[in-house]
Amino acid sequence: MTQTAQTTDNPFFRPWTTPFGIAPFGDIRIDDYRPAFEQALAEHRAEIETIAANSEAPTFANTIDALETGGHALDRLCGVFFNLAGSDATDAIQAIQREMAPVLAQHGNAITLDARLFARVKALHDQRDTLALTGEQKRVLEKTYKNFVRGGAALDEANKVEMRRISERLATLGTAFSQNVLKDESTWTLDLTEADVAGLPDFLKSALAQAAKDRGRDGYVMTLGRSMVEPFLTLSPRRDLRETIFKAWVKRGEMGGESDNTAIVAETVKLRVERANLLGYPTFAAFKLDETMAKTPDAVRALLEKVWTRAVARAGEERQALAEIAREEGMNAAIQPWDWRFYAEKVRQRRYAIDEAALKPYFQLDLMIEAAFDVATRLFGVTFRRRDDVPVYHPDVRAYEMLRDGKPVGLFLGDYYARSTKRSGAWMSAFRSQEKLSGEVLPTIVNVMNFAKPPEGKPALLSFDDARTLFHEFGHGLHGLLSNVTYPLLSGTSVARDFVEFPSQLYEHWLERPEVLSRFAIHAETGEAMPQALIDKLIAARTFNQGFATVEYVSSALVDLAFHSLSEANGLDPIAFEVQELKRIGMPDGLVMRHRTPHFAHVFSGDGYSAGYYSYMWSEVLDADGFAAFEETGDPFDPKLAERLGAYVYSAGNSRDPMEAYVAFRGREPDPEALLVKRGLATAA
C-alpha cells in the first residue's frame, strides 16, 4: 500500500463526522497509531516552534492562547489511545504504550525546557498586573508559568539534561508498573468446584461461572478483580480458599518474574527525590504538595494521624466483636486479614439484620445508572438520552447524550463490566475536554468500572459499595460534563489533587437518601421497592466497620507519604520499607493496606496521586461539611444551594482557587470535625 493510501485510510488523518466528534472506533486499526503519533507530534512541534520563534513581543494572544490552541491532533489521538490502554488493552496496544511513553515525555520536555518559550511566558507573568486580563486569563497565565517552572524551565542547561533523563525514565517506569499489575490480575485464576462454591449466593456463583465461560472453562473460576474477590472474602465459609485468594490478591505486582514491580518502585522513588532536589525541594512530597490545598507534608500528616488514632481504636473494638462471633462458631485462631470481611458480615447481620446477599438484588446496575442521572437532573437541570448511534470502543460500552434545556451539553460513556483487558478499579477520564477557546467544544467523558458481568438475560447486581462507586465516578463525570470554562488548561477535573475528589465524594451522599433509594432500589425478582425499614437499617449501618475501612485507607496514605518524604532513596527496599512504616505507625493485626506498594497504581503508575493518596480524605472533609449544608436546609436538592454548587464547583473547573470555590458554595471554610462525624469516629456537636 502506498503512503498516500495509508494516509487516506488512517482515521487520525481526517476530520471525524461522528456524533460529538467521537472517534470512529470501528475504523481504527492497530497499525494506525504509530503513524498517527508521528504526524501529530510533528504538527505540534511545528506549532510550538512558531510560538517560540515569533519575533513579535509576547502577548497573551500570541503566546498563552497559542499554547492553549496547539496540539489538538495530539490531544485527540492521546484521548483515544490512552483510554483504550486502560480499558481495553491488547498486547499490541501495550507494546505501543511502552514505546510511546518516553517519546511523549521527550516531547513534553522539549516544550517545557525551551528557553525561548519560557522567556515569553515569564515576560507575560512579570507584567501580569498591567495586562488587563480576565480572572480566567490570570489563572491560566499563573498555571502556565508554574507548570514551566515545575517542569524545570528555570534550571541551567546541565540540570535540564538531568530533568529530561529523569522524566523520560519515570514515564517508562510508570507504564511498566501499570502493565505488570494488569498482567498479574489477568493471568492469575483459581478453578473452583461445585463443593468449593457451596454456600455462596446465586449472584456470586453466576459471576464465577461467567468468568469460567469467558475463559473457555467449565465450572467456576476466581479472578483477582475486586468485584469478585471482596464478595468471596465476605461470603465464603471456606477459610482455606479465602486465605489462598486473599494472599494472591495482595501479592499483585510482587509475584516474581517479569511482572514484579519491586525494582520499579525503588527506582521510581529514587528518581522522584532527584527530581524534587533539582527543583529546590528537600523531598518529592514537599514538591508535589506545594500546588495543593494542603501545601505541606506536615499538614497532610496532621490530618491523617488525627484520624489514624481514632480509627485504630475503633478497629480494635471491631476485632473483638469479630473474634467473639468466630469463637461462637468454633474458630479459635486469631482473626486474619482473610477472616475480617467474613466475620464482619456476620456481625453486621446480627446488629442490623442486613444480609449482603439479600440486599444485593435491590441494587440493579441499570437502575443505579438511572438514579445517578436522576440526581443530576434534580440538582443541575440536565437530562440524559441513550445514543445507540454513537460509535463505542467495546460492545459493553453505553453512550448517553447529556442535555440542558434541550441542547446537548456533552457525551457520557459508561463502561461498567470487568474484562481481562481492563485494569482494575474504577475511574473517570475524558476522550475530549470542554473548552471555548477553539469554539464551543463539548466534552466526551467516560466512567470505567469493573462490575461482574451477569449471565445473558440477567440483571447485573451491585453491592451497596459498588453502587456508591458508581455514584462516585459519576460525580467525577459531572465535573467534566458540566465544565463551563474557556481555556483547556482549566477544564473539568484539572484542579488541585486534593480538591478533585470533592465533587465525586459529595455525589455519593445522594445515593443514601431515602428519596433516591425508595425510587430506584427495586428488587430484581419481586419488583418491589426497598422497604423503608430496610432503608433505615442500611443508613444506620453506614458507619459499621469504619475502623477497618479507615485503617485500610489511612495506612496506604501514610505509606505513600513516607515513601515521598525520603530525602534520599539509594538502595531502597520497598517491601522492607512498607513493613517498617506499618510497624512504626502501629498497623493493627489482621489488617493490611488497601493498596499494597507493588500494586499501588494510584501512586506508582504515574504522578497522579503520588504523595497525594491522602487527597481522598482531605476532600472528605469538604464533602462531609458540604453535604451538611444541604441537610441544614432540610432539602437535599435545595435549588439555591444546588445552583451555587453547580456554578462554583462542578462548572468552574480550575478557574479559581479551590478554597475560594468552596467558600463561594458553602459560605464559609469547611469544618474538619465533619469528617470524623461522617465516619462515625466522633459524635455531632
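Only one entry of GLU254, GLU230 meets the criterion of being acidic (Asp, Glu) and in a helix (DSSP H, G or I), and that entry is GLU230.
When each of GLY590, GLY646, GLY634, GLY612 is tested for being surrounded by fewer than 23 Cβ atoms within 10 Å (Cβ to Cβ) and within 30 Å of ALA263 (Cα to Cα), the lone residue that passes is GLY590.
Taken over the stretch 117-141, the criterion of being open to solvent by less than 30 Å² (accessible area, probe 1.4 Å), under 34 Å from the mean Cα position of the chain (by Cα) and more than 21 Å from THR486 (Cα to Cα) is satisfied by LEU117, PHE118. Find the residue count for the stretch 321-342, including only residues that are among the basic types (Lys, Arg) and surrounded by fewer than 18 Cβ atoms within 10 Å (Cβ to Cβ). Here the count works out to 1.
The strands (runs of 3 or more DSSP E) found wholly in the stretch 387-481 and carrying at least 3 residues that are open to solvent by less than 10 Å² (accessible area, probe 1.4 Å) occupy 398-404, 407-417, 444-451. Please verify whether LEU622 is in contact with a helix residue (DSSP H, G or I) (Cβ under 7 Å, 6 or more places away or on another chain) and crowded, with 23+ Cβ neighbours inside 10 Å, treating the condition exactly as stated. Spelling it out, LEU622 is indeed in contact with a helix residue (DSSP H, G or I) (Cβ under 7 Å, 6 or more places away or on another chain) and crowded, with 23+ Cβ neighbours inside 10 Å. For the stretch 274-331, the set of residues classified as of a type in the set (Lys, Arg) and closer than 30 Å to THR683 by Cα consists of LYS295, ARG301, LYS306, ARG310, ARG314, ARG319, listed by residue number. Of the residues that make up the stretch 210-219, is at least one farther than 30 Å from ASP260 by Cβ, part of a helix (DSSP H, G or I), basic (Lys, Arg) and open to solvent by less than 70 Å² (accessible area, probe 1.4 Å)? Scanning the stretch 210-219, I find no residue that is farther than 30 Å from ASP260 by Cβ, part of a helix (DSSP H, G or I), basic (Lys, Arg) and open to solvent by less than 70 Å² (accessible area, probe 1.4 Å), so the answer is no. Among residues that are part of a helix (DSSP H, G or I), within 22 Å of ALA101 (Cα to Cα), open to solvent by less than 70 Å² (accessible area, probe 1.4 Å) and among the small types (Gly, Ala, Ser), SER167 is included.
Taken across the stretch 632-653, residues that are outside any loop (DSSP other than H, G, I, E, B) and touching a His at 6+ places or on another chain (Cβ under 9 Å) do occur, with at least one present. Among the residues of the stretch 319-371, those identified as among the polar types (S, T, N, Q) and touching a residue at least 40 places away in the same chain (Cβ under 8 Å) are GLN336, GLN364.
When we screen PHE563, PHE577 for residues that are touching a residue at least 60 places away in the same chain (Cβ under 8 Å) and within 27 Å of the chain's Cα centre (by Cα), the only hit is PHE563. Within the stretch 235-261, residues that are hydrophobic (A, V, I, L, M, F, W, C) have Cβ atoms under 7 Å from residues that are in a loop (DSSP other than H, G, I, E, B) in these pairs: LEU235/LEU200; LEU235/PRO201; LEU241/ASP196; ALA248/TRP188; ALA248/LEU224; TRP249/LEU224; VAL250/VAL592; VAL250/ARG596, counting only partners at least 6 apart in sequence or on another chain. Within the option set ASP589, ASP638, ASP560, ASP573, being among the acidic types (Asp, Glu), farther than 16 Å from LEU506 by Cα and touching a Phe, Trp or Tyr at 6+ places or on another chain (Cβ under 8 Å) holds for one residue only, ASP560. Among all positions in the stretch 268-275, there is at least one residue which is touching a helix residue (DSSP H, G or I) at 6+ places or on another chain (Cβ under 6 Å), within 26 Å of LEU591 (Cα to Cα), outside any loop (DSSP other than H, G, I, E, B) and not aromatic (Phe, Trp, Tyr). When GLU291, GLU370 are screened for being in a helix (DSSP H, G or I), under 22 Å from the mean Cα position of the chain (by Cα) and acidic (Asp, Glu), only GLU370 passes. The one condition from (1) assigned to a loop (DSSP other than H, G, I, E, B); (2) under 18 Å from ARG419 (Cα atoms); (3) not hydrophobic (A, V, I, L, M, F, W, C) that ASP191 does not meet is (1).
Taking the stretch 514-554 as the range and being among the hydroxyl-bearing types (Ser, Thr, Tyr) and either surrounded by fewer than 19 Cβ atoms within 10 Å (Cβ to Cβ) or without any contact (Cβ under 8 Å) to a residue 40 or more places away in the chain (or both) as the test, the residues that pass are SER518, THR526, THR543.
Mind checking whether some residue in the stretch 112-128 is of a type in the set (Gly, Ala, Ser) and farther than 30 Å from ALA73 by Cβ? Within the stretch 112-128, not a single residue is of a type in the set (Gly, Ala, Ser) and farther than 30 Å from ALA73 by Cβ. When restricted to residues that are surrounded by fewer than 18 Cβ atoms within 10 Å (Cβ to Cβ), of a type in the set (Gly, Ala, Ser) and either modelled with pLDDT of 95 or more or on the phi < 0 side of the Ramachandran plot (or both), the stretch 249-266 contains 1. One residue stands out among those in the stretch 193-204 that are among the charged types (D, E, K, R) and modelled with pLDDT of 95 or more: the one that is farthest from LEU241 (Cα to Cα), which is GLU194.
Considering TYR609, TYR553, TYR507, TYR613, the condition of being among the aromatic types (Phe, Trp, Tyr), under 23 Å from the mean Cα position of the chain (by Cα) and farther than 30 Å from ASP184 by Cβ is satisfied by TYR507 alone. Screening VAL161 on (1) out of contact with any Pro (no Cβ under 6 Å at 6 or more places or on another chain); (2) among the hydrophobic types (A, V, I, L, M, F, W, C); (3) open to solvent by less than 60 Å² (accessible area, probe 1.4 Å); (4) in a helix (DSSP H, G or I) shows it passes everything except condition (3).
Of all the numbered requirements in (1) farther than 30 Å from GLY152 by Cα; (2) among the β-branched types (Val, Ile, Thr); (3) open to solvent by less than 40 Å² (accessible area, probe 1.4 Å), VAL269 misses one, and that requirement is (1). Contact map, the stretch 106-135: residues that are farther than 25 Å from THR172 by Cβ paired with residues that are in a helix (DSSP H, G or I) and open to solvent by 80 Å² or more (accessible area, probe 1.4 Å), Cβ distance under 8 Å, separation 6+ or inter-chain. Pairs shown: ARG128/LYS138. A count restricted to the stretch 144-158 and to residues that are touching an Asp or Glu at 6+ places or on another chain (Cβ under 9 Å) and surrounded by fewer than 17 Cβ atoms within 10 Å (Cβ to Cβ) stands at 1.
The values are calculated or read from the model by the stated rules, or taken from the named source; none is laboratory data. Just so it is clear, the model here is predicted, and its values are computed rather than measured. Heads up, the Cβs are rebuilt from the backbone with ideal geometry, glycines too, and the neighbour counts pull from every protein chain shown. Quick note on the areas: whole protein, heavy atoms, side chains included, nothing else; ligands and nucleic acids left out. Shrake-Rupley method; radii C 1.70, N 1.55, O 1.52, S 1.80 Å.
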